[in-house]
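S.K.: Here it is, the structure, as C-alpha cells.
The values are calculated or read from the model by the stated rules, or taken from the named source; none is laboratory data. Just so you know, these numbers come straight off a predicted model, no measurement behind them.
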Amino acid sequence: MRNLLWIVLAAIVLIGGYLLITGKSPQEVMEETGVTETTLEDEMNEASDAAADAVDDAVTATEDAAEAAGDAIDDAITATDDAMDDAAEATEEAAEDAMNATEEAADDAAAATEEAADDAAAATDEAMDDAATTEDAAAATEDAAETIDGVKVPDALTVDGFDYDSAVQMVDDSNLNAGIKLATKSALEKARDDPEVLEQVLTQLRNRLGMSE
C-alpha cells in the first residue's frame, strides 16, 4: 500500500511538472494523451480498491497475529497450570511417603524397644533364678558340712563323707599354687582307699584351705 501511495504521489508531481513546463491546462494534456475523465476516474477507483484491499489484508493479518498470540498465551497458561498441578501432586506424594516412612520407623523402634524390654525382663528373671539356685546350692553345701574342731567342713573333706571328685574340684577352685594342687590331688588319689592315710591327707588339705582354727 505504501508503494502505491508513492507511485500516485510521483505521478501527481510529474503531471504538475509537465503542466508547469508546457504551460498547458490539464484538459489539454488529457485530450493529447487520450485520457478522459472517465478513464482517470476508473484508475482512481482501481487505486482506491487496491488500497482498500491492502487495508483489509493488513487488518486480517493483524487479527491473525493477535489470534495466534492469544493462542500462544492460552497454551502457556495451560502449560503453567499443568506444571503447577504436577508439582503439587509430586509434593503431596513426597509428603505422604515421608509420613509413611516416619510411621514405619516409629513402629520398628517401638517393636525393638518392646523386644529389648522383654529380653531384659527375661534376663532379669533368669539372673534371679540363677541367684536362687546359687543360694540353694550354698544352703545345701552348708547343710552338708560337718563341724570339726569348731569349724564347719564340707562332708566331702571328711573320712566318713569323702567324695573324691568333690575334693578334687575344691582343690582346683582354691587359690593354691599349681604345684601344691598337683601334689594334693595325687595324695588324694593314693589315699582314697586307705582311711588312715586319707585322714592325714584331708587334715592337711583342710589346713591349706583355711578350714581349721
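S.K.: Could you identify the single residue in Ala110, Ala121, Ala137 that is in a helix (DSSP H, G or I), more than 34 Å from the chain's Cα centre (by Cα) and either at pLDDT below 70 or among the acidic types (Asp, Glu) (or both)?
M.R.: Ala137
S.K.: Hey, can you tell me all the residues within region 157-202 that are outside any helix (DSSP H, G or I) and not small (Gly, Ala, Ser)?
M.R.: Residues satisfying the conditions are Thr158, Val159, Asp160, Phe162, Asp163, Asn175, Leu176, Asn177, Arg192, Asp193, Asp194.
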